[in-house]
Every structure is written in structure tokens, then in C-alpha cells.
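A short reminder: the numbers here are calculations on the coordinates, not readings from a lab. Not measured: the values here are computed from a predicted model. Here the Cβ is made from the backbone with ideal geometry for all residues, glycine too, and neighbour counts use every protein chain on show.
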């Protein structure tokens, strides 16, 4: 902690480094418009058509598995972009975003549990696990969760409030760097333990599952699935749009300045607290919304989602894709999660080796992720041509 | 219940009067033999009582044989059958030829428990002090009313003061049901000197209500019992508190063993090592491997395996640590957040590697015989040896650590690099080598921590993950770069979390501790024992 000079030197080097390889801020509007068009065509037209209109026997039919998997990864990608806003742009490494994701999921899960109605195994108005615990009425915090609007409000408000309070205390006392990361991880563990208890009222280690319907539509119907899928796609698109507007603004410049030289920023007269707090809370809320869309698609939420390893896996999506860029986290989320589905089916025992190696290799050799690698190759080939 | 106990008491008192000194040499009467061979359990129990009362010397072999189901009757004699050989149960002579048609005596559960009780009581007259002690301790926990006569007889003969105390407890417990209220009052008062949970339960039972009446009818006895109960509760509370402090200290010393290494690596290199818990795991698996080698190669020295496991655990973890430092971590200096991710990746690889090598199940690491059992300090406070050893051990490690850091050249370099890396480099300290050695040292200490941990908890591939967050809390709380903070933080966290556990349950306790740490670093962001001087931003 006191080897100031070397650290500062390293910091300087990194500042220079990030500046050198920072994406040119004038990516052609044309390219972005084209990419957005292709994305929208895929997510809102082609895949829904392939799932709903193409018969199952046909080779172009998008199966339930594929749509669910892609929908899931779209949610993850939105999480990755949100995490990139705090880590890649502001330099705050959170190991607790899994909590915001899971809290959003639980908040919406409460609505889905109420939606089961009398169709549960015990045919009670109460969710099955409460009947099992011999509870006679809903706890107060379940009030109103039968209404989707209140549930959506909770999805945003609970994780948002948590992030706001936690962030305020942490940033106010200027906890940063690894200290902040460790504290967020401790928070994650605390929440996981809390939700593992049956008495907390969220189903203990089984969590919520066995959902039946949303707004009266069966949750397993192809139409519902496609709507959820498209909403996830829209969430990612919206997150990207918002992130681009933010990072291109003066506000975004200040975030980058916090990352690169917080003390200097303070000397100039800025108070980083509210900038950090805003981006941190925003990021948490995006995560929570992604979690709320994730739960009805996979059909289950349990405290395992809050385990520290989940949160840190989210970080690796960003690292693999390339932090400090907007497309990087999306690429990373897709790469890692597709690899995960492939590995866990084909060689389950090697998945952890692979994931561990990804952590090491990316941090050692690819500090700017896959996107950075592409840029390097591009400049190299250009350099070779000239 | 009271009535039954009371009738036994009468019976026992009557028996006491009839015993004579000249037991030995007499043959077992045919009446007893017949009853023992019969089917009536009540009669059998009565026969056993008579046997014990009239001739305790012969009763011991007979009852032992009965408990083993090897007692038979042949030619009107009690015979112990062991395979084909037969021994006379009373005289101990071998019978040759063995009787033709021995009739085995059947023992049902009721009779069996009666036999066990009598055997225990008979041991009161054993020549072996330990046997007498065990028997007296059993009786003081679960005194059977009919043993009163035996206990009083033993009391008159017993010289050992400890055993006498136990016997008095047993006697007083039985006398709580006596018919004479003055005896009951005396017994209730005397029991205040025996603050054990079982005595407490017995006394509290007297004050319960059965319908409108108290279990104990006499108000004077009630008062005496209530007073004894209060005194016992006070003494028990002391024991409970001390017990919690002790388990807290032992948890704290485990945390200390983990956190010491973390504090060094973070202090020297500014590296948060998420794989640190895995060094614990490596140490524990080293203990398992050493134990297996000792089992197969040197079974006679099995209890000494732990001594060999300590250096093995240290070396295994230190070597792994130094290899990782040389190949991965060294390239990440000055980038603490990336190091955090890379070491997390390393921990995943290490966990999966151990899973592949040793299997995903927990492995069994046994306590050596000299570490099992414990020291009874108070009746309700038994300190297990393995935890005492761990506390002593971590003190020893702490002392060794202090000596290395303060008395050796390496320690001097480590402190120099911690304080000012660039300047140390300028005056000729090979900072790279110091990094490797310090990292190896930190990992090695976690390794011996793992050996210690294998003695008190499960050994499995992901055991390290359970301790890593707690030890980070220790580092955050204590501040980095020096030992004093880590010591106070580890012991404090250990004791506080054990107390909270007793009060609110394990999960809530853990949450409260985390909340406490978060609140604490609001006030002291650099930990309890921040290094004085210009504070420096710790990177990124």
C-alpha cells in the first residue's frame, strides 16, 4: 500500500495505455446504425418468426431451448454492459452485481409465485413453501405483489435503494479499489446466507419455481416465450443506447477521469461521490431489470444466484469482451455463456479449468479483451500493409 | 415416577440391612440359578438384585457373561460358553469335558439395561481407580434409586476424594426422592455444589407443577431446591460464557492463521489473493496424503503423522504459491483489480485439480489419539484437546512469524519493500526475490493453517472458500502490512461471531459481523492499525 511510486507509475502507464487504445469516439454513425438494424431484425423479427411460424420439423425452426438460451444470454449481456459502466468506465470493480440481479429476479418472482394461485401442490392461496412452513398468511413484504405494476416497481426500487444506501456509505468514506471489491463480495455472501434461510420468506434454498402464468398467459406458451425474449433484446438495446449517450457526454468524461486519476479530479474541484453514486445505482437497476426478465425465462430463482462466484463470473464476461468499450461486454457475455453451455454438456469436468484459464489468460495477455485483440490485429495488418 | 423411585428406595434400604461381610466362597444358590434360567423378567431382575447384594464377587463374572450372551446353565451350574470351551462362572475353572447340553440364558432389553446398571455399580469396588471413577461418574449422571445401598457401601470404603464427590452427588440425587423431607432438603442444598446440566434438570423438575400440585410437596424442600437452582444457574452461566470465549478464540486463531498470510502478501505486494483459501485446502490435503502414507507404511507411528504433515503442508502450499507468483501474479503487479480476477481464476483451477485428483467428496482426516477428548474445566465446560492444540499452535506460528519479520534478513527486506518498494530496490534489495519468498511464506502459513483446519472441520475441495471471506474481513478490519492488527481483528471477529451465534443463530451472526465490518470501515477506512504517515492511495 505504501509503494506509492511504483503504483503511481503503473497507474500512469495504464492511463497512457487506455488512452492509446481507447476506442475512437467517432465510430461511424453509419456502422452503428447498420449494426442496430441487423440486431433488431434478428431479435424482433427473424428469431420470433423462426420460433412461431416455422414448423418444428423444419430445419430453420428455433427450438425452445435455443430461444431460452439466447434470451438468457441477452439478459446477461445487459448485465455485462451495466457492469462495464462501473468497472470499465469508472474503475469500480463490483463483485456484488449478482445480488442486484437476483433481487430483481426475486421481486418479479414474487409476482410469478402469486400468479400460481390455487394451482400449487397444496391448492392454497399461499405459495407452496409457506404452506410447507405452516404459515397462515403472507408476510407484510408480500403485500401487493399480486399486481404486476407493484412487482415491477419493487424490481426497480429494492435493488436501487440497496445500491444507493450501500454506495453512499462506501463512496462517502472513499472505499475504493480492492477494498470496495471485497466489501461488495461480503455483501453478496451476507445476502446469500439471508436468502438461504427459510424464515426470510423467500423459499429458502429451493427459492421460487414452478411458475404458471404471467398476466394470465401460460408461461410455457411459445408466444409468452417470444415476448420475454424480445423484451430482453429490447433491454439490451436500451442499455446500450443509454450507455452510449452517457459515456459520450461530459458526465462520461468525468467517470473516465474518476477511473484514471480520482485525486486529480478532486483537486480540480469535482466531488466524485455523486457521479459514482449515480452510475453505481443505475448499473444496479439495469441488473435488477435483467434479473426480472431472466427469471420467467429460466423458470427458477434460488439463492445460488447470489453466490460470490456468480457475481465474479459476470466480471469475467466484461473482461473477456473488453472493458471500457460498449460492444465488448456484449461479445464477452455471448462468448463465455455459449462456451459454458457447450462445456457443461460435453465436458462438465473441464468447465472450471476452462473458466479459470479464461480468468488468468484474459488478465495476463488480453487486458483489453477480445475487442482489444481485434483492434491490435487491425492496426498490425494496417502497419504491415503500409 | 416418585412413587416408583420411592419403593425402590425402600427396597434398597431393606437390602442394606441384610448384607453380610462373608460373601466370597459361597456357591450361587440353586434358587437364583433357576430364576435366571426362567422366562419371567421381573423375577430375573429380582434375582440379579439378590446376586449383587449377596455376593458381589461372583456377580461380576456372571453378569459380564450374561451381558455378552455367553452365560448358560449346564448340570445345575452357571457356565460361560466361549466357542467349545466352557468355564464355571463362579469358580472360574475350565470344565473338561465341556457339558453336553448347555441351556443358554436369554436376556431381553429390560434385563440387559438392569445388568449394565449393576455392572457399572459393581465397578465401584474395582481395584482400578479409573474403573471406579468411570462408574462413579456414570452414577452421578444417571443414578438409579436401587443403587443407593451400593453407593453408601462404596462411600464407606472409598478413599479417593474425587470419587467420593461423585458418589455424594449420586447419593444426593437419589435422596431427593427420599420420604423424609429433612433428607430431601439436605440433598437439595448439597446439590448446589454440583453445577451440571443434569443436576439442574433434576432440581428444576422438582419445581414443576403437576396439575395444581408441585412435583415436590414440601415448601421447605422447594425453597432449598430453588435456591440451589439459582446458584447452579449462576455457575452454569459462567461456564457457558467461558465456553463461548474459548470457541471464539479457537475460531479466531484459525482466522489468524489464514489472515496472516493474506496480510503479508497484501502488505508487500498490494496483491489481494483470492486463491489464498485454496492454499488452506492444499495444506489440508497434504495432511490427508501424509496420513495415508503413514497408514500404509508406518502404521505403528500413525499418531505422529501430524508432525510430518506440518512441514508437508507448509512446503506443498509454499511451492504452489511460489510457482503461481513466478508464472502469473508477478506480471500483474500494480494492477490489483486484475490480480483479484486472475487469482480467482487460479483458485477455480486449483479446486478443480484437487477434485480431479482426490474426488469431489470430502476426505477423512482423523485426529490422532492424543488429540481426542478434552479437559473438563467446569462441569459444563469441556475444552477439546484439538482446539486447545490449535490455539497453542497459532500462537507458536505467530511467534515464528514475528521472529522472521523482525529478526531475520528476509524479514528486514520484507518490511523494507512493504514500506517503500522503489527505495528498497535502489539500495540493493532484490525486490523480485523478496516478492516470491514473501508470497511463498504467506502461502506456506496458510498451508499449515490448512493442516490445523483438517483437525476440526471437513476436508473437501471447496473448503477454502468458506474461510476466504472471513479472512478478508480480518485484513480489512485489522489493516494491512503488520501483524498486530491481524491478531486483534482475528481474535475479535472470532469471539464476537461466536457470541452472536449463541444469541441470534449462525446466519444472522455472520450477517451482523459483515454489517459491522462495513460500518467500521466508515470510521477507519485503513483498518484498526493503520500505518502512520502519509496515506497513500492503494491503486486503481
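At a glance:
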item	result
Alpha-carbon Rg/Rh ratio, for the range A:235-365, with Rh computed the Kirkwood way	1.02
Inter-centroid distance (Cα atoms) of the range B:357-434 relative to the range A:149-217, Å	36 Å
Test item: A:187-194 mean partner chain Cβ contacts at 10 Å	5
Relative packing of A:258-265, A:365-372, B:485-492, which averages over residues the other C-beta atoms within 10 Å, highest first	B:485-492, A:365-372, A:258-265
Sequence-separation-based contact order of the range A:286-332, relative, with Cα cut under 8 Å and 6+ spacing, percent	21 percent
Within 10 Å of each Cβ in A:168-178, the average number of Cβ atoms from other chains	5
Label-point separation, residue B:356 to residue B:315 (7 Å along Cα→Cβ), nm	2.5 nm
Value of Rg to Rh for chain B (Rh from inverse mean 1/r over Cα pairs, i.e. Kirkwood)	1.14
Residue with peak Gaussian network fluctuation, chain A [Cα springs, cutoff 10 Å], from A:148, A:268, A:286	A:268
For peptides B:197-206, B:501-510, sequence by mean Cβ density within 10 Å, most packed first	B:197-206, B:501-510
Shielding of B:346-352 by partner chains, average beta-carbon count, 10 Å	6
Euclidean distance between Cα centres, the range A:43-77 to the range A:250-299, Å	33 Å
Helix B:41-54 axis, angle to chain B major axis (alpha carbon atoms, nearest 10°)	90 degrees
Mean projection area, nm², convex hull over Cα of the range B:244-523	16.0 nm²
Helix B:385-407 axis, angle to chain B major axis (alpha carbon atoms, nearest 10°)	20 degrees
Cα centroid separation - the range B:79-129 against the range A:313-374, whole Å	74 Å
CD proxy at 222 nm, helix term only [per DSSP H run n ≥ 4: -39500 (n - 2.57); per residue of the protein assembly as shown; nearest 500]	-23000 deg cm²/dmol
Candidates A:57, A:283, A:173, ranked by Gaussian network fluctuation over chain A, Cα under 10 Å, top entry	A:57
Length-normalised contact order of chain B in % [C-alpha pairs under 8 Å, at least 6 apart]	16 percent
Residues B:329, A:361, B:150 arranged by fewest to most Cβ contacts within 10 Å	A:361, B:329, B:150
Average projection area in nm² (convex hull over Cα atoms of the protein assembly as shown, one quarter of hull surface)	53.7 nm²
Residue-span extension gain [residue B:409 to residue B:430] - 0.36 nm each, minus C-alpha spacing	6.3 nm
Order of B:327, B:258, B:436 under a 10 Å beta carbon neighbour criterion, fewest first	B:327, B:436, B:258
Helix A:148-172 vs. chain A, principal-axis angle (Cα, 0 to 90°, nearest 10)	40 degrees
Most fluctuating residue given options A:171, A:267, A:153, as computed from a GNM of chain A linking Cα atoms under 10 Å	A:267
Burial ordering of B:168, A:125, A:147, B:276, fewest other beta-carbon atoms within 10 Å first	A:147, A:125, B:168, B:276
At 1.002 mPa s and 20 °C, Stokes D of the range A:50-314 from Kirkwood alpha-carbon radius, µm² per second	110 µm²/s
